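**Student:** First, the structure itself, so that you have it in front of you.
The values are calculated or read from the model by the stated rules, or taken from the named source; none is laboratory data. Since the model is a prediction, treat every value here as computed from it, not as a measurement. Backbone-built Cβ (ideal geometry, glycine too); neighbour counts: all protein chains shown. Protein only, heavy atoms only, side chains kept; ligands, DNA and RNA dropped before computing areas. Shrake-Rupley method; radii C 1.70, N 1.55, O 1.52, S 1.80 Å.
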Amino acid sequence: MLRETLLVPAVGSDPSKLDKLLEPAVDELRAGRPVAIPTETVYGLAANALCPEACKLIFATKNRPMDNPLIVHIASLEMLRTLVRPRMCAIDSHRERNGKEEVTSSSSLPSLLGSTDILDDLAVPSSLKPVLCRFWPGPLTVLLPRRSDVSDVITAGLDTVAVRFPAHPIAQRIIELCGFPLAAPSANLSGRPSPTRVEHVLEDLETRLAVIVDGGPSSFGLESTVLDATRSPPMILRPGAITLKMLQEYLPGVVVFKKSGSEGLTAEEIKQMEDRPATPGMKYRHYSPTSPLVLFDGTAEAVEGHLHQFIMDELETGHRLVRLTLKPSSTPINNPNYNEFVLSATGNHEEIARNLFAGLRAADLLHPDLIVAQSVEDEEQGLAIMNRLSKAASITRHYN
Ligand code: TXA
Ligand code: MG
């Protein structure tokens, strides 16, 4: 039986008092137990990445299947040394020449990371340097060749390790105070929508954790973009806040896997991705509210009439419904069995992304018979929104 959960009020705290406030979280992490921490994407369930026993507790705490690998969070490039294989000059240079990677000198690139010389010592693909200089710290996870002593608990036996340098100052400070990298998946029970507010973490994990750090609402609201630049062409495995277009500028040739057709991938490669996903997480059901979600996919004009009729028919049969709308609806429905949550005042994709998981959880708390939502265009930020919405949906209806 756990003692009562300590909720650390780190958000808005006086920076000079932050280290003191974070002490119980850091002590818990040093003792090898998981702690929920804020990040700019979603809350993470963190544990010492260098301690397999601590990482095993992450899986037990959130009921995560052991074959779904974890992202490791760092707060300095120096920490990469504990995770990434050292560069073996002859082999790695040969591989880069064959893969026609452009070798860019990282030291001349402006960056918040300080000196990036360390990347030259490690088996970090040279093509990734400009990307890391531009997008770290931030919501971008990259796959890197792992050191052989990185635990299989973290990598699920794969030969890469997923690494992210979060931008959230509280996450960074916790990692710095610990002095070791933190493995952290999202801090939800497996299958549930990821937590973007501390209330969501409490909802799922309060009875299972001794310390939860409150860092306020997550500013992005969807998980990081996962990029694999160890393969050719480099590929986005999970779309997120850092979009294909943003990456293309720094990593020419990068592609993204889309069900509707992936530029740069052959039909055979697409089939292979569907049969054998490169991100083990892709095969699991995700982000699901308890009530079934019906997704109406198509342009706003094509969908609106059908969606309205569907809602009216369902209400007629006595069902209770919640609709997640992308912006305030033009045809309000007045019915005690009907509720609407507006994800954005203007249909803005960043705002929809920030509010999507909170909307799914709020809808679920009303225990409706059905939740209904409609698609956004799967471009830019919209691709990440659609990726999460499609996985959350029990049924998708297509309209053209
Ligand atoms: O924004 C985020 O990424 C959040 C915060 C806490 O940082 N974390 C997060 O972790 O979303 P999680 O576990 O919910 O998602 C990690 C994804 C999974 O789809 C997993 O399969 C994939 O990353 N992944 C991890 N290591 C991998 C590897 N070596 N190869 C391929 N995919 C990997
Ligand atoms: Mg997750």
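**Student:** Kindly provide the set of residues from segment 176-194 that are aliphatic (A, V, I, L, M) and either in a loop (DSSP other than H, G, I, E, B) or within 7 Å of ligand 1 (Cβ to nearest atom) (or both), ordered by number. Give the derivation first.
**Tutor:** Initial filter on segment 176-194 (aliphatic (A, V, I, L, M)): 177, 182-184, 187, 189.
Within segment 176-194, Ala184, Ala187, Leu189 meet the criteria.
**Student:** Also: Would you mind finding the one in Val11, Val42 that is surrounded by fewer than 16 Cβ atoms within 10 Å (Cβ to Cβ) and in contact with a strand residue (DSSP E or B) (Cβ under 6 Å, 6 or more places away or on another chain)?
**Tutor:** Answer to the check: Val11.
**Student:** Of these, Ala167, Ala171, which one is part of a helix (DSSP H, G or I), within 12 Å of ligand 1 (Cβ to nearest atom) and either over 20 Å from Asn68 (Cβ atoms) or β-branched (Val, Ile, Thr) (or both)? Break it down into steps so the answer makes sense when it comes.
**Tutor:** Working: Ala167 fails: part of a helix (DSSP H, G or I).
The match here is Ala171.
**Student:** Mind listing whichever residues of segment 370-400 are over 22 Å from Pro328 (Cβ atoms), among the polar types (S, T, N, Q) and not in a helix (DSSP H, G or I)?
**Tutor:** Once the filter is applied, which keeps residues that are over 22 Å from Pro328 (Cβ atoms), among the polar types (S, T, N, Q) and not in a helix (DSSP H, G or I), segment 370-400 yields Ser394, Thr396, Asn400.
**Student:** Another question, then. Could you tell me which residue of segment 179-197 is farthest from ligand 2 (Cβ to nearest atom), considering only residues that are farther than 13 Å from Thr61 by Cα and open to solvent by less than 10 Å² (accessible area, probe 1.4 Å)?
**Tutor:** Among them, the one singled out is Pro181.
**Student:** Name the residue that is nearest to ligand 2 (Cβ to nearest atom), counting only residues in segment 144-159 that are farther than 19 Å from Ala47 by Cα and not small (Gly, Ala, Ser).
**Tutor:** The qualifying residue nearest to ligand 2 (Cβ to nearest atom) is Leu158.
**Student:** Residues of segment 55-91 being surrounded by 12 or more Cβ atoms within 10 Å (Cβ to Cβ), among the charged types (D, E, K, R) and more than 16 Å from ligand 2 (Cβ to nearest atom), which ones?
**Tutor:** Result: Lys56, Arg81, Arg85, Arg87.
**Student:** Determine which single condition Leu143 fails, assuming it passes every other condition in (1) within 26 Å of Met88 (Cα to Cα); (2) open to solvent by 30 Å² or more (accessible area, probe 1.4 Å); (3) among the aliphatic types (A, V, I, L, M).
**Tutor:** (2)
**Student:** Scan segment 221-237 for residues that are of a type outside the set (Val, Ile, Thr), buried (at least 24 other Cβ atoms within 10 Å of the Cβ) and within 16 Å of ligand 2 (Cβ to nearest atom) and jot them down.
**Tutor:** Those that are of a type outside the set (Val, Ile, Thr), buried (at least 24 other Cβ atoms within 10 Å of the Cβ) and within 16 Å of ligand 2 (Cβ to nearest atom): Gly221, Leu222, Glu223, Ser224.
**Student:** Further, regarding this structure: Out of all the residues in segment 132-149, which are part of a helix (DSSP H, G or I) and within 11 Å of Thr225 (Cα to Cα)?
**Tutor:** Across segment 132-149, the qualifying residue is only Phe135.
**Student:** How many residues does segment 198-208 hold that are of a type in the set (A, V, I, L, M, F, W, C) and surrounded by fewer than 24 Cβ atoms within 10 Å (Cβ to Cβ)?
**Tutor:** 2
**Student:** Kindly list the number of the only condition in (1) surrounded by fewer than 24 Cβ atoms within 10 Å (Cβ to Cβ); (2) within 16 Å of ligand 2 (Cβ to nearest atom); (3) not basic (Lys, Arg) that fails for Pro34.
**Tutor:** All conditions pass for Pro34, except number (1).
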